[in-house]
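Q: Just dropping this structure here.
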Amino acid sequence: MRPRFARRQDLGLTRAEFAVLARLSTPQKIQDFLCSLPANFEIGGQTCLSVREVLRQRRAHCIEGAMLAACALWANGEPPLLLDLRAERDFDHVVALFRRGGRWGAISKTNPPLLRWRDPVYRSLRELAMSYLHEYANKRGQKTLRSYAGPFDLRQFDPEVWVTNGKNCWEVGEALDRARHIRLITKKQARTLRLRDPVERNAGALVEHREPHR
């Protein structure tokens, strides 16, 4: 069984930790909370922080923010779903999914202005994933998004794996990598994609949080 509501005891969180998630009662509130968190620049090495560790360390990158968003949705009676976006010659991106009126939307943690929140207006996950295609580009200006996988239900994992884990949640990331991904464009279409122009590259270079000196 996959319970609709995640109780504090089910998640293994403290009262204070759960209270933070309970207050994030709408997707908009969850997104605002994620935007308020500094970006996780992984200064000490690669991480995949659990929900508890994101709350404790007050930092997150995309999959960490997506898991926190999914947990907040679950605490408020919505399924904890993720969408994995796979790219070539670039990093993958993970967002949390929600639905309103039969339409999909996405909650996203990212430092640049692109690949962010999506309003719940998309009729299918493919349509939602395609909305990221134009902005999803690497430093050379190449558009790199190729496929997606989801919805990925985090209720298949024990909360100890991704909610209260004191170490890294690599198991979730590995499961997303193994999931069946659906191609968005053909190889022929990929070869004809236009490079992003200088104005678009400058816009993509904006960041919300400055990386500290290493």
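The values are calculated or read from the model by the stated rules, or taken from the named source; none is laboratory data. It should be emphasised that the depicted structure is a prediction, and the values quoted were computed from it without experimental measurement. Here the Cβ positions follow ideal geometry from the backbone for every residue, glycine too, while neighbour counts run over all protein chains shown. Surface areas here come from the heavy atoms of the whole protein model, side chains and all, with no ligands, DNA or RNA. Shrake-Rupley method; radii C 1.70, N 1.55, O 1.52, S 1.80 Å.
Q: Looking at this model, which pairs from LYS139/LYS187; LYS109/LYS167; LYS109/LYS143; LYS167/LYS187 are more than 28 angstrom apart at the alpha-carbon?
A: With Cα atoms farther than 28 Å apart: LYS167/LYS187.
Q: Also, I was wondering about something else. Choose one of SER131, ASN202, ALA66: the residue whose Cα lies farthest towards the positive end of the charge dipole of segment 55-214 (beta-carbon charges +1 Lys, Arg; -1 Asp, Glu; about the Cα centre).
A: Going by the Cα projections, it comes out as ASN202.
Q: So what is the orientation-averaged projected area of the chain, using the convex hull of its C-alpha atoms, in nm²?
A: For the Cα atoms of the chain, the hull's average projected area reads 12.1 nm².
Q: A follow-up question, please. Let me see the P(r) profile for segment 4-107: every Cα-Cα distance counted, bins of 5 Å, each bin given as a percent of all pairs.
A: Computed distribution, short to long bins: 2, 13, 23, 25, 19, 11, 5, 2, 0.
Q: Would you calculate, for the chain, the mean residue ellipticity at 222 nm contributed by helices, counting each DSSP H stretch of 4 or more residues as -39,500 (n - 2.57) and dividing by all residues, to the nearest 500?
A: So the helix-based figure for the chain works out to -9000 deg cm²/dmol.
Q: What does the C-alpha gyration tensor say about the overall shape of segment 22-66? Classify as rounded when a/c is under 1.5, otherwise prolate if a/b is larger than b/c, or oblate.
A: prolate
Q: Please give the per residue accessible area of segment 61-202, computed with a probe of 1.4 Å over protein heavy atoms only, in Å².
A: It amounts to 47 Å² per residue over segment 61-202.
Q: Continuing with this model, one more query. Could you work out how much longer the chain between ALA22 and GLU208 gets when fully extended? Use 0.36 nm per residue separation minus the Cα distance between them, nm to one decimal.
A: 64.4 nm
Q: Can you work out the PRE-style zone for ARG180? Point 7 Å along Cα to Cβ, and I want the residues of segment 118-158 with backbone N under 14 Å.
A: Zone members listed by number: 148-152.
Q: Nearest 10 degrees, 0 to 90: what angle lies between the long axis of helix 27-36 and the longest principal axis of the chain (Cα atoms)?
A: Here the helix axis deviates by roughly 80 degrees.
Q: Give the carbon-plus-sulfur fraction of the accessible surface of the chain in %, rounded to a whole number; probe 1.4 Å, heavy atoms of protein chains only.
A: The nonpolar share, carbon plus sulfur, comes to 52 percent.
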